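Engineer: Once you've had a glance at the structure underneath, I'll fire off some questions.
The values are calculated or read from the model by the stated rules, or taken from the named source; none is laboratory data. Computed from a predicted model, the values in this text were never measured in an experiment. Every residue, glycine among them, receives a Cβ derived from its backbone with ideal geometry; neighbour counts consider all protein chains shown. To get the accessible areas, we keep the full protein, side chains included, count just its heavy atoms, and leave off ligands, DNA and RNA. Shrake-Rupley method; radii C 1.70, N 1.55, O 1.52, S 1.80 Å.
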Amino acid sequence: MKNIAVLGCTGSIGRQTLDVIRANPDKFRAAVLCAGRDADAMFKAAEEFRPDYIAMADEAAADKLRQSGIKAKIAGGEQAVLEAAAYEGADIIVNGISGFSGMKPLLAALEAGKTVALANKESIVCAHDLVNAALKKGGAIIPVDSEQSAIFQCMAAGNHGEIQRLILTASGGPFREYTKEQLKTVTPEQAGHHPTWKMGRKITIDSASFFNKGLEIMEASYLFGIPGERISVLVHPESIVHSMVEYTDGCNMAQLSRPDMRLAIQYALTYPERTPGEFGRLRLEDMGKISFYAPDTDKFPAIPMAYEALREGRNLPIVYNGANETAVDMFIRGKIRFDEIADVVEYALHRADRGNILSLEDIIKTDRQARKLAFEKGNA
């Protein structure tokens, strides 16, 4: 029996993690539940899973839960979230907190020597040097994002020195066949519906704009120690091949499964073993055909911008992420068009101060400047 701490338990990854725990009551227990401010959703989860510790980022939500009669230790605020991430009795920490907010909990978990099932790519992109330092404390990362999980699994087929190339696949989102003019008309509601995956709103919009893939290029480089020039992206609308590793002998290893995040989550929780699951089998005979083609980087410049940020390094990956988070929020609120998300990020990338990242304070400072520049461009 493994005790699991689920950070972001009311979000998309968190809910799917609870599905995996629910389906394997003899293997996993939700010992820690952590969320932002949705006290009602947390109450329902706590009633079902009976955790030892509940952390809410919002103090008022924590107070509401204390008054509900739940028999668990309940704490609120940022420190409570960090305590959940480093909870002594947890065997695995699932970091499903979205965006930049997931960075500090990842560092707290690793510094406590925890194994982290990581679905938060932004923390790797923004804090990879600090993450590497924290890993020396004895912790470990098992990727949960479908693409990184696929690469992690395919890398078992050879030695690191035998890897020629990583190939990240992308569904292409719902607008891959749109013209530039059509992209100007995309609404937040349209961008919030993915053709093959069930994900949170922000990551779904990022998938449609290819900024999610840009972040994954940087994440893969940092996670697996492969330079950007040896990482490729292929659009694969069927979302069956989740990524590939090409070896020096010309062989490609691919990981295939149904587009269901619970498969990657269960693998991370049971690693290095594989156990029977109830989330469906892939039937290739029902697929008919699967296709791959190069992304249109003229219509979707998020990918070349990601390579530029990765190549220059230093603080630019943080600028890329922070400006994108701000731009997506402005798009959702109707302040900018869908196609202007890339313009906002490019503006921030070209105007942000350059500098090396030596501390958490450096990361926060760069993130704030990126968001300020993005806000400036979006309101111009």
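Engineer: Where both residues lie in the chain, what percent of DSSP beta bridges are antiparallel, nearest 5? Walk me through the numbers on the way to the answer.
Structural biologist: Details: 11 of 42 bridges.
That works out to approximately 25 percent antiparallel.
Engineer: Still on this model: For percent of Cα pairs over 39 Å apart, one of (1) 29; (2) 13; (3) 26 was computed from the structure I shared and the rest are decoys. Which label?
Structural biologist: (2)
Engineer: Right, next: Rounded to two decimals, what is the ratio between the C-alpha radius of gyration of segment 220-330 and 2.2 N^0.38 Å? Can you show the working numbers first?
Structural biologist: Values: Rg = 17.2 Å, N = 111, 2.2 N^0.38 = 13.2 Å.
Expressed relative to 2.2 N^0.38 Å, the Cα Rg reads 1.31.
Engineer: Got the relative contact order for segment 124-241 handy, in percent, Cα pairs under 8 Å and 6 or more residues apart? Before the final figure, lay out each step's value.
Structural biologist: Details: 101 pairs, mean separation 44.0, N = 118.
Worked out over segment 124-241, it gives 37 percent.
Engineer: Which trypsin sites (Lys or Arg not before Pro) in segment 59-101 sit in a loop by DSSP (not H, G, I, E or B) and have at most 14 other Cβ atoms within 10 Å of their own Cβ? List each step's numbers first, then the result.
Structural biologist: Details: sites: LYS64, ARG66, LYS71, LYS73; in loops: LYS71.
Those satisfying the criteria are LYS71.
Engineer: Right, here's the next one. With an 8 Å Cα cut-off and a minimum separation of 6 or more residues, compute the relative contact order for segment 1-105 in percent. Display every interim value, and only then the final one.
Structural biologist: On the way: 205 pairs, mean separation 35.9, N = 105.
Computed over segment 1-105, the figure is 34 percent.
Engineer: Counting only heavy atoms of protein chains, what accessible area per residue, in Å², does segment 26-88 have with a probe of 1.4 Å? Don't skip to the answer; put the middle values down first.
Structural biologist: On the way: 3230 Å² over 63 residues.
For segment 26-88, the solvent-accessible area averages 51 Å² per residue.
Engineer: Would you please name the GluC sites (Glu not before Pro) within segment 1-64 that are DSSP coil residues with at most 15 other C-beta atoms within 10 Å of their C-beta?
Structural biologist: On the way: sites: GLU47, GLU48, GLU59; in loops: none.
Answer in residue order: no site qualifies.
Engineer: Can you give the FRET efficiency for ARG165 and LEU256, using 1/(1 + (r/R0)^6), R0 = 22 Å, r = Cβ-Cβ distance, to the nearest 0.05? The partial results should precede the final answer.
Structural biologist: Working: r = 18 Å, r/R0 = 0.83.
FRET efficiency, ARG165 to LEU256: 0.75.
Engineer: Given a cut-off of under 8 Å on Cα pairs at least six residues apart, what relative contact order in percent is computed for the chain? Provide the component values of the computation, followed by the final result.
Structural biologist: Numbers: 732 pairs, mean separation 54.4, N = 380.
Result for the chain is 14 percent.
Engineer: How large is the helix-only mean residue ellipticity at 222 nm for the chain, computed as the sum of -39500 (n - 2.57) over DSSP H runs with n ≥ 4, divided by its residue count, in deg cm²/dmol to the nearest 500? Mind dumping the intermediate values first?
Structural biologist: Numbers: 16 runs with 172 residues, N = 380.
For the chain, the value works out to -13500 deg cm²/dmol.
Engineer: Using a 1.4 Å probe, what is the accessible area per residue for segment 312-353, in Å²? Intermediate results must be reported in sequence, preceding the final value.
Structural biologist: Details: 1450 Å² over 42 residues.
That works out to 35 Å² per residue.
Engineer: Further question: Counting heavy atoms of the protein chains only and a 1.4 Å probe, report the per residue accessible area for segment 130-183 as a whole number of Å².
Structural biologist: On the way: 2300 Å² over 54 residues.
Using a 1.4 Å probe on heavy atoms only, each residue of segment 130-183 averages 43 Å².
Engineer: Moving on. For the chain, with all protein chains present and a 1.4 Å probe, just round the carbon and sulfur fraction of the accessible area to a whole percent. Numbers along the way, then the final one.
Structural biologist: On the way: 7910 of 16590 Å².
Carbon-and-sulfur percentage of accessible area, whole number: 48.
Engineer: Can you pull out the GluC sites (Glu not before Pro) in segment 123-206 that DSSP calls coil and that have at most 14 other Cβ atoms within 10 Å? Spell out each step's value before the answer.
Structural biologist: Values: sites: GLU147, GLU162, GLU177, GLU181, GLU189; in loops: GLU177.
Passing sites in segment 123-206 are GLU177.
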